[in-house]
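What follows is a set of notes on a single structure, which appears directly below.
The values are calculated or read from the model by the stated rules, or taken from the named source; none is laboratory data. Just so we're clear, the structure is a prediction, and the values are computed from it rather than from any experiment. Glycine also receives a Cβ, built like all others from the backbone with ideal geometry; neighbour counts cover every protein chain displayed. Heads up: the accessible areas ignore ligands, DNA and RNA and are worked out on the full protein's heavy atoms, side chains in. Shrake-Rupley method; radii C 1.70, N 1.55, O 1.52, S 1.80 Å.
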Amino acid sequence: MPDYLSRSPVDDAEEDPDETTHLISKSTQTDILYNNENSPIIASVETRAMKFRNKTLHDISNTTELTSDSLNTSTEENCTTSFSIEELIQAQQNDNYAKNILNNIKKYKNYIVKYNLLIRRLNHPAPYVPQGDLRRTILQIYHDTAANGAHFGRNKTLHKIKQRYFWPSMYKDIENYIKSCILCTQFNPHRQKTPAMDFHGPITPTSQRGNKYIISLTDVLSKFAVTKAVRDNTAQTAVQFLKEDITSKFGTPRCILTDNGTHFTSTLMNELIKQIGATHLYSTLHHSQTNGQVERYNSTMNAKIAALSNLNKTNWDDQLSFVTFNYNASIHSSTKQIPF
Ligand SMILES: [Zn+2]
């Protein structure tokens, strides 16, 4: 199967597979909060050290051909919080991957250290960006903001980012980020459909047959939904749903969008998704607006599920199939879209 790299070869900033496998960001919103807590608050007073670093940063720009806005991306118009050089240095020092390189810099010929900043040697030398919040900020700046990204496709976004920053899994992260951008999907009819999988519940009361949750797969474009009443919200249940109720009936979705719930990030789930050849996209990692939009897409169905559970009847799982059928019938008649 050709991957996105072979379709679009990029000769600099080559990926080291060993680096990427464990470094593809799967950060959750809690990770990001955690990282924020550990990041120093940037004071508005410029210390002498800061002045020195700001000056030296300018020197780095000259000597290594970093583009002038490489560490000073203004995104005020979209309220995306950018970060300072201080924050980047601090984040590198808190990052195990960077720490290892910094401590053994002679062994890592691909990296140099300038003014406390770990920089990857490339055609465009670029500072290493640690896992977590900063990577997400960069993706937002160069894809989402009107000034810099304006929802350009993968190649343009990659081109912009790699001139300024480096991290080992950046190609895959950019690819996933753009694939999971609802706005891009919405306005590009040629782009593949993206079904979102979710658990709803626990629903009270538990049904007579012992069902407590509803698992759903909703296509964000056609809004077509498949639902099933299930006993629990475990990875096993999600895998079983995907096998028995989706791939055997509708074929294999090319990618599946989920949140970062443990049932969706489990090894079991990743194995199945790999087996069927689909790409797993994590909505919380990617677009701040993705979750909200998926929720909005699902809101009609969610309202129906809520109404179902508010009836407080133990046979709500019997009614689920009728509710879903009616929902899909009305969606289908308005959009004329084929599911998935
Ligand atoms: Zn987009």
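Going by the conditions given, is Glu175 acidic (Asp, Glu), away from the ligand (no atom under 16 Å from the Cβ) and outside any strand (DSSP E or B)? Walk me through how you get there before you give the answer.
Values: acidic (Asp, Glu): yes; away from the ligand (no atom under 16 Å from the Cβ): no; outside any strand (DSSP E or B): yes.
Considered against the rule, which asks whether it is acidic (Asp, Glu), away from the ligand (no atom under 16 Å from the Cβ) and outside any strand (DSSP E or B), Glu175 comes out as no.
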From the list Thr73, Thr67, Thr56, which one is at pLDDT below 50 and part of a helix (DSSP H, G or I)? Thr56
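I'd like the full set of residues that are among the hydroxyl-bearing types (Ser, Thr, Tyr) and touching a Phe, Trp or Tyr at 6+ places or on another chain (Cβ under 7 Å), limited to the stretch 112-148. Give the steps one after another, and end with the answer.
Taking the stretch 112-148 as the starting set, the residues that turn out to be among the hydroxyl-bearing types (Ser, Thr, Tyr) are 115, 128, 137, 142, 145.
Once the filter is applied, which keeps residues that are among the hydroxyl-bearing types (Ser, Thr, Tyr) and touching a Phe, Trp or Tyr at 6+ places or on another chain (Cβ under 7 Å), the stretch 112-148 yields Tyr128, Thr137.
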Filtering the stretch 103-150 down to residues that are hydroxyl-bearing (Ser, Thr, Tyr) and away from the ligand (no atom under 16 Å from the Cβ) yields Tyr108, Tyr111, Tyr115, Tyr128
Go through the stretch 218-244 and count every residue that is closer than 22 Å to Tyr327 by Cα and surrounded by fewer than 16 Cβ atoms within 10 Å (Cβ to Cβ). 1
Please give the number of the condition Val294 fails out of (1) surrounded by fewer than 21 Cβ atoms within 10 Å (Cβ to Cβ); (2) at pLDDT below 85. (1)
Residues in the stretch 120-169 that are open to solvent by 30 Å² or more (accessible area, probe 1.4 Å), without any contact (Cβ under 8 Å) to a residue 24 or more places away in the chain and either on the phi > 0 side of the Ramachandran plot or among the small types (Gly, Ala, Ser) (or both): how many? 1
